[in-house]
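First the structure, in the form of structure tokens, and then the observations on it.
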Amino acid sequence: MQSTSVLLKQLEAHLQEEIGAQDRLFLVLSQHELALHGGRPPQNLHGAREFESEMAAAQVRGARRRALVSEVGRALSLPESKWTLESIVARGGELGLTTDRLGRQREDLRRSLAQVQRCARRCDRATKVQRALLAASLEALVGSRDARAHAEAGCLVDQEV
């Protein structure tokens, strides 16, 4: 088993990577939000692909984080229910380990996550508004919200001559 100091340094490196990833995700979501408000579907599609890529990477980072936090928690003799960054910082400090940077990173990560969450909520609202507008437009064209009426009314075709 690695020394606790080495594990804490690895956790710091992981948190730095996670903060960077959240910043990238915020950028992707911000661009998607602008595309939603500007009605630019190709940019929406590109943003969706970038979002999917970031989310796939988040799965890998999440597994790595869980393993690292559990290793640090055990090294600090913390009960499993206390394997949080806050508890790790506090316990490390009690043991005389340097956890100042880890504490700052915890706060930076919290701010980044809140920023991403706010932007994701705005994107969600914009998407719902667009969906409602499209539904209302189709209802005006077809004359009904009934699914059978839509099927019997034909379809709109994008045709080049």
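None of the figures in this text is laboratory data; all of them are computed from the coordinates on show. If you're wondering where the values come from, they're calculated on a predicted model, not measured in any experiment. All Cβ positions, even for glycine, are placed from backbone atoms using ideal geometry, and neighbour counts span all protein chains on display.
Projecting label points 7 angstrom from Cα along Cα→Cβ for ALA140 and LYS9 puts them 6.5 nm apart.
ALA114 to GLU80: FRET efficiency via 1/(1 + (r/R0)^6), r the Cβ-Cβ distance, R0 22 Å, to the nearest 0.05? It comes to 0.25. Computed over region 4-144, the alpha-carbon pair-distance distribution with 5 angstrom bins reads 2, 9, 15, 16, 13, 11, 9, 7, 6, 4, 3, 2, 1, 1, 0, each value a whole percent. Taking a ≥ b ≥ c as the square roots of the eigenvalues of the Cα gyration tensor, region 89-148 is prolate, since a/c reaches 1.5 or more and a/b is larger than b/c.
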